[in-house]
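Data first, discussion second: the structure below is written as structure tokens.
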Amino acid sequence: QVQLVESGGGSVQAGGSLRLTCAASGRFLSIGAMDWYRQAPGKQRELVASIISSGGSTNYAESVKGRFTISRDNARNTVYLQMNSLKPEDTAVYYCHMQITRSFLTGSLAYWGQGTQVTVST
């Protein structure tokens, strides 16, 4: 019933920018933390950025700190990842994640987007 849809990926040259968007739809009570992960070919999936439910606290991987910004719009059930000064090593499939409470019985569960490709060339 709950679905996360990602958009905004693409190909850019080093130094360029992209803005990823992930929107949740369906029936649920609330959304807690939102996160962005990425996975390059042959590598483990890594956490890129996290933001708490209020939007008042964020965390970033050291490799993207100062270049990426995570934000959320709770009215639109949406999380964003603004990526500036992109480097070739940022090339990966990016996945959004949300902790969503659908009912009092289930509590908070993890939901994932379909992934969007980001390619940064020299």
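The values are calculated or read from the model by the stated rules, or taken from the named source; none is laboratory data. These numbers were taken from a predicted model, which means no experiment stands behind them. Here the Cβ is made from the backbone with ideal geometry for all residues, glycine too, and neighbour counts use every protein chain on show. The protein model used for the area step is the full one, side chains on, heavy atoms only, and it has no ligands, DNA or RNA in it. Shrake-Rupley method; radii C 1.70, N 1.55, O 1.52, S 1.80 Å.
Which whole-Hz ³J(HN,Hα) couplings does segment 60-69 yield from phi under the Karplus relation 6.51 cos²θ - 1.76 cosθ + 1.60, θ = phi - 60°, glycine and proline marked x?
9, 5, 4, 5, 10, 4, x, 10, 9, 9
Restrict the search to segment 15-56; then list the trypsin sites (Lys or Arg not before Pro) that DSSP places in a loop and that have at most 15 other Cβ atoms within 10 Å of their Cβ.
Passing both the DSSP loop test and the Cβ count: R27, K43, R45.
How large is ³J(HN,Hα), in whole Hz, for each residue of segment 28-37 in order, when computed from phi with the Karplus curve 6.51 cos²θ - 1.76 cosθ + 1.60 and θ = phi - 60°, using x for Gly and Pro?
Along segment 28-37, the couplings run 6, 8, 6, 10, x, 5, 10, 9, 10, 10 Hz.
DSSP loop (so not H, G, I, E, B), at most 12 other Cβ within 10 Å: list which chymotrypsin sites (Phe, Trp or Tyr not before Pro) in segment 90-122 pass both filters. The partial results should precede the final answer.
Values: sites: Y94, Y95, F104, Y111, W112; in loops: F104.
Answer by residue number: F104.
What percent of all Cα-Cα pairs in the chain falls in each 10 Å bin, counting up from 0?
Final binned percentages: 14, 47, 29, 9, 1.
Starting from 0.36 nm per residue, how many nanometres of slack lie between Q1 and S54 once their C-alpha separation is accounted for?
Working: separation 53, 0.36 × 53 = 19.08 nm, distance 2.42 nm.
Gain on extension, Q1 to S54, equals 16.7 nm.
Express as a percent, rounded to the nearest 5, the fraction of DSSP beta bridges in the chain (both residues included) that run antiparallel.
Around 90 percent antiparallel, to the nearest 5.
For L86, which sequence-distant residues (separation of 5 or more, or a different chain) have an amide H within less than 5 Å of its own amide H, given hydrogens modelled in the peptide plane?
Close amide H contacts, sequence-distant or interchain: G15, G16.
At 1.4 Å probe size, what's the solvent-accessible area of E6? Round to the nearest 10 Å².
Estimated to the nearest 10 Å², E6 gives 10 Å².
How high is the relative contact order of the chain, in percent, counting Cα pairs under 8 Å that sit 6 or more residues apart?
Details: 302 pairs, mean separation 42.7, N = 122.
It comes to 35 percent, rounded to a whole number.
With a probe of 1.4 Å, find how much accessible area segment 82-122 has per residue, and write the answer as a whole number in Å².
51
Subtract the Cα-Cα distance of Q13 and E46 from 0.36 nm times their separation in residues, and report this length gain in nm to one decimal.
So the extension gain works out to 9.6 nm.
Per residue of segment 82-95, what does 6.51 cos²θ - 1.76 cosθ + 1.60 with θ = phi - 60° give for ³J(HN,Hα)? Whole Hz please, x for Gly and Pro, Karplus curve as stated.
So the J values, rounded to whole Hz, are 8, 10, 10, 6, 5, 10, x, 5, 7, 4, 4, 8, 9, 10.
Would you give the gap between the C-alpha center of segment 23-39 and the C-alpha center of segment 43-122, rounded to a whole Å?
What the calculation gives is 9 Å, centre to centre.
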